[in-house]
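Sharing a structure below in structure tokens format, with a few things to ask.
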Amino acid sequence: KITLDFESFSDHRLEGSAVLPLFPDGMPELILDKDKFNADELPIIASRDLVLFPNMTMPIVLGRERSIRVAKEAEQNKTYIGLIAQKDARVEDPGQKDLYRMGCLAEVMKSLEMPDGTLNVFLQGRVLIRLDRLVQTEPYLTGEVHVVEEKKIVEQAPVQELDIFEQGRKDHPDRKSV
């Protein structure tokens with residue numbers, strides 16, 4: 001028999017530390033603000049081994065100088081960025097051929113500079129984007145993109161079609177009784 005004493009649990013944060021709220025005014029409504037990005041020259045962060053999806057909030061650690069610059073400028077100017085995964089995480093300076101074509105338009109919600117020079121960034125995915133081409137690689141990646149309209153993958157089948165499908169399953173000769 002296991003007994004848990006919830007009174008003895010403690011908060012293991014260091015004394016004097018604080019929790020930074022990601023959304024100080026509550027969870028924001030996800031609306032795409034077209035004034036926050038230029039689809040002809042969107043700043044791009046090439047991510048290693050991670051993918052961001054729309055409506056998803058995720059922390060990432062940035063180490064490359066140009067990625068850090070993109071995130072800082074986007075947070076300061078309140079603009080969107082593109083997060084696109086690299087095909088090979090070992091490539092240090094990715095170009096067009098090193099990136100997947102699909103990515104996510106994202107907003108930098110918060111960032112925190114670390115003592116080792118990296119930048120911890122909280123991103124919130126907005127919409128899917130397709131990278132048409134890289135426009136520049138210096139001082140950081142920018143690309144020409146377009147927003148991918150999401151469509152329902154499975155439409156709801158009419159009840160009559162489902163009834164016919166179920167009847168066909170029952171009558172099929174390979175169907176065994178349970």
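Could you run the Karplus curve 6.51 cos²θ - 1.76 cosθ + 1.60 with θ = phi - 60° over region 55-67 and give me ³J(HN,Hα) per residue in whole Hz, x for Gly and Pro?
Using θ = phi - 60°, the values come out as 6, 10, 10, 8, x, 9, 10, 9, x, 6, 4, 6, 5 Hz.
Cα-Cα over 21 Å: which of LYS34/LYS78; LYS72/LYS110; LYS72/LYS97?
Where the Cα-Cα span goes over 21 Å, the pairs concerned are LYS72/LYS97.
In terms of modelled amide H atoms, which long-range or inter-chain residues lie less than 5 Å from the amide H of SER47?
ILE84, ALA85, GLN86
Further question on the same structure: Starting from the 7 Å offset along Cα-to-Cβ, what nm value, one decimal, do you get for the label separation of ALA89 and VAL147?
3.2 nm
Between LEU50 and ASP116, 0.36 nm times their residue separation minus their Cα-Cα distance comes to what? Please report the intermediate quantities before stating the final value.
Working: separation 66, 0.36 × 66 = 23.76 nm, distance 2.14 nm.
Extra length available between LEU50 and ASP116 comes to 21.6 nm.
What nm value, rounded to one decimal, do you get for the distance between LEU32 and GLU65 when each label is placed 7 Å out toward the C-beta?
Computed distance between label sites LEU32 and GLU65 equals 3.5 nm.
Enumerate the amide H contacts of VAL148 below 5 Å, restricted to partners 5 or more residues apart or on another chain; note that Pro and chain-start residues carry no placed amide H.
The list, which skips near neighbours in sequence, is LEU128, ILE129, ARG130.
Ranked highest first by the average count of other Cβ atoms within 10 Å around their residues, in what order do 135-146, 103-114 fall?
Put in order of decreasing packing, that is 103-114, 135-146.
Another question about this same structure. Determine the share of region 35-155's accessible area contributed by carbon and sulfur atoms, expressed in whole percent, with a 1.4 angstrom probe. Present the calculation step by step, with values, prior to reporting the outcome.
Working: 3370 of 6770 Å².
Result for region 35-155: 50 percent of the exposed heavy-atom area is carbon or sulfur.
The values are calculated or read from the model by the stated rules, or taken from the named source; none is laboratory data. Keep in mind the model is a prediction, meaning the values are calculated, not measured. Cβ sites come from the backbone with ideal geometry, for glycine too, and all protein chains shown count toward neighbours. Keep in mind that these areas ignore ligands, DNA and RNA; they rest on the heavy atoms of the full protein, side chains included. Shrake-Rupley method; radii C 1.70, N 1.55, O 1.52, S 1.80 Å.
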